[in-house]
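First comes the structure, then the notes that go with it.
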Amino acid sequence: MARIAGVNIPTNKRVLVALTYIHGIGDHRAFQICEKVGIDLSRRVNELTEQEVINIREAIDQDYQVEGDLRREVSMNIKRLMDLGCYRGLRHRRNLPVRGQRTHTNARTRKGKARAIAGRKK
């Protein structure tokens, strides 16, 4: 099992797909990494040599911010918005949709399970 950026990536999947298991690497970045390192897109992780895994690891460490560092930066950005008291920060603080979505009827994912209002039925 190959361990890259603190994540055990699955060995039976193609390299392009397996790299997307790392937080901060999507399809496009995985493609860029494979192109840079020179790995064929159809190869699987268990077919990689130890040197190729090291090359992938170095390419990711060099060019991209992934996993813990990325999560920390995102949470610090959200905390900064909340401390500023701007509109987006208030929406984060109240656990409401941040990007202008409708909340009158939808937004159940963000707001949570609907709560009954006492004495409402008439």
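Summary table below
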quantity: Cα Rg, Dmax (largest Cα-Cα span) when computed across the chain, Å; calculated: 21.0, 71
quantity: Heavy-atom accessible surface of the chain: percent carbon and sulfur, 1.4 Å; calculated: 48
quantity: Simple Cβ-charge dipole of the chain, Lys/Arg +1 and Asp/Glu -1, about Cα centre, in debye nearest 20; calculated: 1980
quantity: q = 0.15, 0.21, 0.23 Å⁻¹, the stretch 52-122: log10 I(q)/I(0) [Debye, one scatterer per Cα]; calculated: -0.73, -0.94, -1.02
quantity: P(r) tail fraction, the stretch 1-71 - alpha-carbon pairs more than 13 Å apart, %; calculated: 59
quantity: Distance histogram in 10 Å bins (all Cα pairs of the stretch 37-83, percent per bin); calculated: 22, 33, 23, 16, 6
quantity: For the chain, built as a Gaussian network whose Cα springs stay under 10 Å, the top-fluctuating residue of L19, L70, L90; calculated: L90
quantity: Helix axis angle, 27-37 relative to the chain longest principal axis, alpha carbon, degrees; calculated: 20
quantity: Proximal charge balance of L16 [Cβ under 14 Å; K/R count +1, D/E count -1]; calculated: +1
quantity: Average accessible surface area per residue within the chain, 1.4 Å rolling probe, Å²; calculated: 73
quantity: Amide proton proximity set for A2, modelled H, under 5 Å, gap of 5+; calculated: I9
quantity: Helix axis angle, 50-63 relative to the chain longest principal axis, alpha carbon, degrees; calculated: 40
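The values are calculated or read from the model by the stated rules, or taken from the named source; none is laboratory data. The structure displayed is predicted, hence computed values, not measured ones. Cβ coordinates were reconstructed from backbone atoms using ideal geometry, including for glycine residues, and neighbour counts include every protein chain displayed. Side chains are part of the model used for accessible areas, which takes the heavy atoms of the whole protein and leaves out ligands, DNA and RNA. Shrake-Rupley method; radii C 1.70, N 1.55, O 1.52, S 1.80 Å.
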